[in-house]
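Have a look at the structure below, then the notes.
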Amino acid sequence: PDMFWDFLSLTPESIHQVTILFSDRGTPKTYRHMNGYSGHTFKWYNDKGEYFWVKIHFKTEQGIQNLTRGEAERMKGVDPDHATRDLYEAIERGEYPAWKVYAQIMTPEQVESYRFDSFDITKVWPHGDAPLNPVGRMVLNRNPENYFADVEQAAFSPGNFVPGIAASPDKMLQGRLFSYHDTHRHRLGPNYHLLPVNSAKAAPVNNYQRDGFMRFDPNGGGSPNYYPNSFGGQAPEPTAAEPAFEVSGKAARQRYTHPNDDFVQPGTLYRKVMTDEDRTHLIGNIVGHLGNAQKRIQLRQTALFYKANPEYGTRVAEGLGLDVKEVERLAAMSHEERAKATAR
């Protein structure tokens, strides 16, 4: 708990996600009864060269159902694999779980003038600014036939794009574009993309990648493995080209900071979205975990809760037996002052 809360209390941009994690939303009853979100912002573009910034939402058609802390603690001892089994058995029964798919869409002009960084993964786009647009439906209608072939060898990545979808300047996404593929090469080999579970079913890949362990296709035959060439080899498809977008600013190697307010959205979540019961469960969950950390770390983290909402911070402080006045004093400090005041 010390290292967990030490890190979070020194990165106040995490407080929105922490609030969600320690609510009952953090312990969904099953995979079928939870929503999914892209988190990241992606770029959608068309054949006219127009592009838009998009966040994706998957809304469960089974309804939201969560576990309380007590229920989750009992479940992890009695049946820790209950969520996986529940999903498998539901599909076997023909009760196919489904999610409605929505997209929040912003134009480049909206993003340019928006009140906070639209590519900041620690923020959500309020639906009043970017409404949910229905775009489709996802249905899980078949279970894996062979666990190793279909699950263990699967190589998901946020960098697996089809034409029309591209990455955004989201810093976290930029890191994941590299790290996922790098991990798959280490885990499954350089040709993991040729495994049946990872290969495109209707669009054979045409590139100049050759060799490497576990190459079980013709490996390009006798054709050249370089571009450009004059032997009729494949060439880039212009219609699939990603539109350019404007960038500005200075490049430097330093800690990324921004003027965004990290406390408005968690405060709104606590005050307007959660019910009285939700708030009570949230406080109990936080106190039960944060209470195992050192007192100085408890004070620092509770000050962040207080900055999000005074009632939020006060209730956590009271649950931990902390001096509310001390929490309030720390909350009034700058981030640097608060870190220094609570250092060992």
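The values are calculated or read from the model by the stated rules, or taken from the named source; none is laboratory data. It should be emphasised that the depicted structure is a prediction, and the values quoted were computed from it without experimental measurement. Heads up, the Cβs are rebuilt from the backbone with ideal geometry, glycines too, and the neighbour counts pull from every protein chain shown.
Scanning segment 220-230 for residues that are surrounded by 13 or more Cβ atoms within 10 Å (Cβ to Cβ) and modelled with pLDDT of 90 or more returns SER223, PRO224, ASN225, ASN229.
Restricting ARG296, ARG279, ARG315 to those that are under 16 Å from ARG69 (Cα atoms), assigned by TED's automatic domain parsing to the domain that holds GLN17, out of contact with any Gly (no Cβ under 7 Å at 6 or more places or on another chain) and among the basic types (Lys, Arg) reduces the list to ARG279. Scanning segment 59-100 for residues that are touching a strand residue (DSSP E or B) at 6+ places or on another chain (Cβ under 6 Å) and either among the basic types (Lys, Arg) or farther than 15 Å from HIS33 by Cα (or both) yields LYS59, LYS100.
The residues listed here are GLY288, GLY221, GLY284; of these, the one that is assigned to a loop (DSSP other than H, G, I, E, B) and farther than 21 Å from LEU10 by Cβ is GLY221. Taken together, the criteria place HIS193 among residues that are outside any loop (DSSP other than H, G, I, E, B) and either basic (Lys, Arg) or more than 21 Å from VAL247 (Cα to Cα) (or both).
Does ASP323 qualify as being within 23 Å of the chain's Cα centre (by Cα) and more than 25 Å from ASN66 (Cβ to Cβ)? No; evaluated as a whole, the condition is false for this residue.
The residue that is surrounded by the most Cβ atoms within 10 Å (Cβ to Cβ), among those in segment 326-344 that are among the charged types (D, E, K, R) and farther than 19 Å from LEU290 by Cα, is ARG329.
Rundown of residues vs (1) under 20 Å from the mean Cα position of the chain (by Cα); (2) within 22 Å of ILE64 (Cβ to Cβ), yes/no style:
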| position | (1), (2) |
| --- | --- |
| LEU87 | no, yes |
| ARG93 | no, yes |
| LYS100 | yes, yes |
| TRP125 | yes, yes |
| ALA155 | yes, no |
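Being assigned to a loop (DSSP other than H, G, I, E, B) and surrounded by 12 or more Cβ atoms within 10 Å (Cβ to Cβ) holds for only one residue in GLN301, GLN234, and it is GLN234.
Residue pairs whose Cβ atoms lie under 8 Å apart, sitting 6 or more positions apart in sequence or on different chains, and linking a residue in segment 213-231 that is more than 23 Å from HIS186 (Cα to Cα) to a partner that is exposed (fewer than 11 other Cβ atoms within 10 Å of the Cβ), are SER223/PHE231; PRO224/PHE231; TYR227/ALA235; PRO228/ALA235. Which ones in segment 118-143 are touching a helix residue (DSSP H, G or I) at 6+ places or on another chain (Cβ under 9 Å), surrounded by 14 or more Cβ atoms within 10 Å (Cβ to Cβ) and not polar (S, T, N, Q)? Scanning segment 118-143 gives PHE119, ASP120, ILE121, LYS123, VAL124, ALA130, LEU140.
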